Amino acid sequence: YRKGDLEQAEKYLVDAAARLPMNSEIQDHLGDVYAKRGRLQEAEALAARLSQANPGVATTLLVCEIEEQRPDLAKALDLVTTALAREGEHGALQLKRAQVLMALRRRAEGFAAAERAIELADPEPWLLETVASMYMQTNDPGRAKALLNRALERAPDDPTLLYRTALSHFYLNETEQADALLARVLEIAPGNGYAWHIRSQLATQTNDAN
């Protein structure tokens, strides 16, 4: 559900949970979607069952997400810090710690935790993309671009990664690179309205320059 379609994600996960009720990974993901949609009672009920049946990193991340959405950021930070002390260095936990620190406006610590998450996770594209979004949100498209290019090496045909990389080039005024990546996005996902929008802006800039 990185593309933001939480409603559709919930439908798939509810169906999967009905088919595989003992699968804790599915339950963790479903709880995360509930939390992100603001349905905290349902998320808490799932988290409580999972904490009894199969406590672990994924369930800790779910509980932290619930506290973030409440929001009780201080409690979320305490939870993830305690989990890191218990579990040892863990990429997903460090990433969650980074996100909570950023929400608390402790940016230096947040970015340090994010970079540590990258070191720990032998970075998966989703993790690189998540950290890149943190840099984009704080007006550092150059660092975001570097991370997104690393992610694209592992997932070169992912339209979301291609779009976000194009966006980093766009904000750096690297118009040719941005346009080439957007063209690739539209080959894969011709209905991507965001890509069409940025491409239209690039065309306007080119016309103005001429």
Q: Among the residues of region 45-59, write down those that are among the β-branched types (Val, Ile, Thr) and open to solvent by less than 20 Å² (accessible area, probe 1.4 Å).
A: 59
(Q) Considering only region 155-176, I want to know if a residue exists there that is among the hydroxyl-bearing types (Ser, Thr, Tyr) and either open to solvent by 70 Å² or more (accessible area, probe 1.4 Å) or out of contact with any helix residue (DSSP H, G or I) (no Cβ under 6 Å at 6 or more places or on another chain) (or both). (A) yes
Q. Could you list, in sequence order, the residues of region 1-51 that are of a type in the set (Lys, Arg) and either over 18 Å from residue 70 (Cβ atoms) or assigned to a helix (DSSP H, G or I) (or both)?
A. 2, 3, 11, 19, 36, 49
**Q.** Qualifying position, being under 15 Å from the mean Cα position of the chain (by Cα), in a helix (DSSP H, G or I) and within 29 Å of residue 69 (Cα to Cα), among 148, 167
**A.** 148
Q. Of all residues in region 17-29, how many are within 22 Å of the chain's Cα centre (by Cα) and more than 20 Å from residue 130 (Cβ to Cβ)?
A. 3
Q. In region 113-125, which residue that is charged (D, E, K, R) and in a loop (DSSP other than H, G, I, E, B) is most open to solvent (accessible area, probe 1.4 Å)?
A. 122
Q. Of the residues that sit in region 72-99 and are of a type outside the set (Lys, Arg) and touching a Cys at 6+ places or on another chain (Cβ under 7 Å), which one is surrounded by the most Cβ atoms within 10 Å (Cβ to Cβ)?
A. 80
Q) Would region 127-141 turn up any residue that is more than 22 Å from residue 158 (Cα to Cα), surrounded by fewer than 16 Cβ atoms within 10 Å (Cβ to Cβ) and polar (S, T, N, Q)? A) yes
Q.
Looking only at region 100-112, filter to residues that are charged (D, E, K, R) and not in a loop (DSSP other than H, G, I, E, B); which one of those is least open to solvent (accessible area, probe 1.4 Å)?
A. 109
Q) Which residue pairs have Cβ atoms under 8 Å apart, sit 6 or more places apart or on different chains, and have a first residue in region 161-185 that is in contact (Cβ under 8 Å) with a residue 40 or more places away in the chain and a second that is part of a helix (DSSP H, G or I) and open to solvent by 30 Å² or more (accessible area, probe 1.4 Å)? A) none
**Q.** Selection count where residues are aliphatic (A, V, I, L, M) and closer than 19 Å to residue 124 by Cα, scope region 69-95
**A.** 3
Q. Out of (1) more than 17 Å from the chain's Cα centre (by Cα); (2) over 26 Å from residue 164 (Cα atoms), what's the single condition that is false for residue 12?
A. (2)
Q) Within the group 58, 92, 35, which residue is at pLDDT below 85 and within 17 Å of the chain's Cα centre (by Cα)? A) 58
Q) Filtering region 174-210 down to residues that are of a type in the set (Ser, Thr, Tyr) and out of contact with any Phe, Trp or Tyr (no Cβ under 7 Å at 6 or more places or on another chain), which residue is modelled with the lowest pLDDT? A) 206
(Q) Looking at residue 204 and the list (1) under 18 Å from the mean Cα position of the chain (by Cα); (2) farther than 15 Å from residue 141 by Cβ, which single condition is not satisfied? (A) (1)
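The values are calculated or read from the model by the stated rules, or taken from the named source; none is laboratory data. Note that the coordinates shown come from a computational prediction; the quantities given were computed from them, not determined experimentally. FYI the Cβ positions are ideal-geometry reconstructions off the backbone, even for glycines, and counts take in every protein chain you see. Note: accessible area is taken over every heavy atom of the protein model, side chains too, but ligands, DNA and RNA are not part of it. Shrake-Rupley method; radii C 1.70, N 1.55, O 1.52, S 1.80 Å.
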